[in-house]
1. Which log10 I(q)/I(0) values, to two decimals, does region 32-121 give at q = 0.10, 0.14, 0.15 Å⁻¹ under the Debye formula with one point per Cα?
2. With r as the distance between the Cβ atoms of Phe89 and Gln167 and R0 = 35 Å, compute the FRET efficiency 1/(1 + (r/R0)^6) and round to 0.05.
3. Within the accessible area of region 18-160, what % is carbon and sulfur when the probe is 1.4 Å and the other protein chains stay in place?
4. Over the chain, give the accessible area per residue in Å² for a 1.4 Å probe, as an integer.
5. Can you tell which of Pro84, Pro141, Pro50 shows the greatest fluctuation in a Gaussian network model of the chain with Cα springs below 10 Å?
6. Among Thr30, Thr115, Thr68, whose mean-square fluctuation peaks in a Gaussian network model of the chain (Cα, cutoff 10 Å)?
7. The chain: longest stretch without exposed trypsin sites (Lys or Arg not before Pro) (DSSP loop, at most 14 other Cβ within 10 Å), sites themselves excluded?
8. Kindly sort Leu162, Leu33 by accessible area of their heavy atoms, largest first, with the probe set to 1.4 Å.
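The values are calculated or read from the model by the stated rules, or taken from the named source; none is laboratory data. This is a predicted model, so every value here is computed, not measured. So basically every Cβ, Gly included, is an ideal-geometry build from the backbone, and we count neighbours across all protein chains shown. Accessible surface is based on the protein model in full, side chains and every heavy atom, while ligands, DNA and RNA are left aside. Shrake-Rupley method; radii C 1.70, N 1.55, O 1.52, S 1.80 Å.
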Amino acid sequence: FPSHDRWSYKLLSMFREEIQERISWLLGATLFLVTVAVTPLFTLDPINLPKMWVLSGLAFAIGAVLLTQFKVLFTREHWKYIIPASLVFGFMVLAMLFSSTNLSQQLFGVSGRNTGLITYFCFGTIFIASALALNVKSIKPIMIGSTAALGLNALYGLVQALGKDPQKWSNPYAPVIGTLGNPNFV
């Protein structure tokens, strides 16, 4: 390689490491915030709706960071991640176009679930970002996010098990639901 090409490659890989670090911290924050986000005093659906909005905001931020590396993102070596995610999204768009269900429900999902096209687009973005940006060096933010979410849920579950939950949830299943809204998930 001419010296110019080696310099360009080194600059590109350094910039890519910076982007990988930024994405890994955003992924760790997403893991934590989506897990613990609840709004019992502000929304009709205090569990799923805030999780969907946090997921959407952070996934779009991750997507924006990915797009700063447009040339690197769409190189041949990354097609194995981008093509399957794009195909799934494309099939979902086709299903939306040919379905008789109203557009709002298709975009946002059924009330109480919020698993519509927007949510799955966010999952696809997170899949691509995770596949491209995570490596042994960048796993620390993911570990921090998951440990913090687990710890907070364990503490909140303990408070619920002791009957000291400040929020009176309408839950017929079990007293311990954590921030996930379902005792089976906790």
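1. -0.34, -0.64, -0.72
2. Numbers: r = 36 Å, r/R0 = 1.03.
FRET efficiency, Gln167 to Phe89: 0.45.
3. Values: 6170 of 8310 Å².
Looking at region 18-160 in its full context, I get 74 percent from C and S.
4. Working: 11990 Å² over 186 residues.
Spelled out: the 1.4 Å probe surface of the chain, per residue, equals 64 Å².
5. For the chain, modelled as a Gaussian network with Cα springs under 10 Å, the answer is Pro84.
6. Maximum among the listed residues: Thr68.
7. On the way: sites that count: Arg113, Lys164, Lys168.
Between exposed loop sites, the widest span is 1-112.
8. Values: Leu162 120, Leu33 70 Å².
Accessible-area ranking of Leu162, Leu33, largest first: Leu162, Leu33.
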